[in-house]
Amino acid sequence: MASTAVAAYGMYPDRIALNQVLKTLNQGGFSNEKICMMMSPVHPIASVVREAKVLGDNRQASAVTAGLIGWLSEFGAVVIPTVGFFVRSCEFFDAIVEGKSPMGRCGGSSTLEGLGFSPLDAERLERQIRQAGVLVYISCRDNSKAKWALDLLSGTGAAESGALNQEELVTVRPEVISSFGRSASLGFEA
C-alpha cells in the first residue's frame, strides 16, 4: 500500500478483548480482508502461534491452536514481529513482504511505512507494539469510511486512534473527550 493510503488505525494494550474490537468492526461494515493487525511478540496470541504444534500429542491443545491460526488467517494480514505473519489480502502484501528480503519486513517500522505511516510515526508505533501493544489497521476506500472506522476504534477503547488520508495523519487521543463522549483531540502531524 502506498503512502496515499486511506485508512484508520487503533492502538490497544495487549489485554484488550481483541475479538470484541474485531467483531465491532465487522458489525460496522468492515470485512476481515480490510483489517491488518500487528501485535507484540509478547502478546498471548503470539505465544500460542510461536509454540504452535498442530500435530502435537495433546489433541485438545492442537485443536485450539489450529482454531486460533485459522481465525488469524481470516484477516487481511496479521504481523507478529520475530514470530511470523499471515497475509490473505493482496492489498497488504506489498506493505508486509519486501521483494528484496527473504524474511519480508515482518513487523518493523518499514511495514508501518508501507501501510502509509510517516517514518517518525512508524517508529513510535513500532515501539508501542513491541511493548505489549496491538495495532489494528483498517484499509478504507475513502475518507468517509475512514472516519466511520475511526469512530468505531475510538469507541472500542483504543489508547490512540487515527486516520490516514492523502493529505495528513489525523491522530485522536482519548484524553480529550468531546461533548459527544468520543475522543476529539485532532492533532495534525506531518
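What distance in nm lies between label points placed 7 Å from Cα along the C-beta direction at D142 and T82?
Going by the 7 Å Cα→Cβ label model, 4.4 nm.
So if R0 is 22 Å, what FRET efficiency would A66 and R127 give, r being the distance between their Cβ atoms, rounded to the nearest 0.05? Let's see the in-between values first.
Details: r = 32 Å, r/R0 = 1.47.
Rounded to the nearest 0.05, the efficiency is 0.10.
Computed from the coordinates by the stated procedures, all read-outs in this text should not be read as laboratory data. It should be emphasised that the depicted structure is a prediction, and the values quoted were computed from it without experimental measurement. Quick reminder, even Gly has a Cβ in these numbers, built from the backbone with ideal geometry, and neighbours come from all protein chains shown.
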